[in-house]
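Colleague: Mind looking over this structure? Questions follow.
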Amino acid sequence: MSEAVSAVGGGEAEHAAPQLGQRLRAAREAANISLREMARRVHLSPSFISQVELGRATPSVGTLYAIVTQLGLSLDSLMAEHAAPSDLETRGATKKDRPEARKDDAEPATGEARTNDLVPLPEVGALPGLQRHDDRPELYLHGVRWERLTPTDDPDVEFLRVTYPPGTESCPADNLMNHGGKEYFHILSGRLEVQVAFARQVLGPGDSLNFDSSIPHRLSNPFDETCVAIWFVVGRNH
């Protein structure tokens, strides 16, 4: 597995890498795995693992998957939380930015044909599992943005919004990644070059794909437009 070291600097990566490294180190120590043993298990050098834990280097997606698999973690468990559950509950019950519909707003003017009897109802309570768009925990890996679409880590499925800007990739072309579980994704915008084993195709808006993640695969965006997709990874730790 490649040790493509990426120096951390500027923007989101400057803050994400130290937090990511701290979480990986804490999880490794909690699992009572030495730095050298972790390096042996994922076929990397101890110095590279150390650089990642210190926030001085960011691993590729494939490398990170290998590390978290050894730690029994899911990728979304590493993402920083931006809001406490109480904040989410408050947001769910807040209506100041979402005024209640008035009955007179729903009534058509005299002589107008009624086309829809549905009217917005007042918001009440907090929906279970609600994740607001501006509170999504996120993670940046070599320019690829992973946003968790669940308010907490789900041990059964990774539900993600993934953004591949132009020129980004999940792993080098000569070092395909693989891990446990099955992947399902749907392209919302842009194009993504996908290789699974020896097959390679370009997916565009509206296209979907699923495959066994244990098959070597690679995702890349060699195009000029950012690609955004919705992703599920099921049973990665099983």
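Colleague: So how exposed is Y140, as accessible area in Å² (1.4 Å probe, rounded to 10)?
Modeller: About 40 Å², rounded to the nearest 10.
Colleague: Can you work out the Karplus-derived ³J(HN,Hα) for every residue in segment 27-32? Use 6.51 cos²θ - 1.76 cosθ + 1.60 with θ = phi - 60°, whole Hz, and x for glycine or proline.
Modeller: 5, 5, 5, 5, 7, 6
Colleague: Short version: ³J(HN,Hα) in whole Hz for each residue of segment 196-205, in order, from phi by Karplus 6.51 cos²θ - 1.76 cosθ + 1.60 (θ = phi - 60°), x for Gly and Pro, what are they?
Modeller: Using θ = phi - 60°, the values come out as 10, 6, 9, 9, 9, 9, 9, 9, x, x Hz.
Colleague: Per residue, how big is the convex hull around the C-alpha atoms of segment 194-238? Give it to me in cubic angstrom, could you?
Modeller: Spelled out: Cα convex hull of segment 194-238, divided by residues, is 88 Å³.
Colleague: Another question, then. Using a 1.4 Å probe on the protein heavy atoms only, what accessible surface does F159 show? Give it in Å² to the nearest 10.
Modeller: Near enough 60 Å² of accessible area.
Colleague: Once amide H atoms are built 1.01 Å from N in the peptide plane, which residues 5 or more positions from F223, or in another chain, come under 5 Å H to H?
Modeller: Under 5 Å from the amide H of F223: G167.
Colleague: Further, regarding this structure: Per-residue HN-Hα couplings for segment 48-55, Karplus 6.51 cos²θ - 1.76 cosθ + 1.60 at θ = phi - 60°, whole Hz, x for Gly and Pro?
Modeller: 5, 4, 4, 4, 5, 5, 8, x
Colleague: Next up: Would you work out the relative contact order for segment 193-238, in percent, from Cα pairs under 8 angstrom that are 6 or more residues apart?
Modeller: Worked out over segment 193-238, it gives 38 percent.
The values are calculated or read from the model by the stated rules, or taken from the named source; none is laboratory data. Quick caveat: nothing in here was measured; it's all calculated off a predicted structure. To get the accessible areas, we keep the full protein, side chains included, count just its heavy atoms, and leave off ligands, DNA and RNA. Shrake-Rupley method; radii C 1.70, N 1.55, O 1.52, S 1.80 Å.
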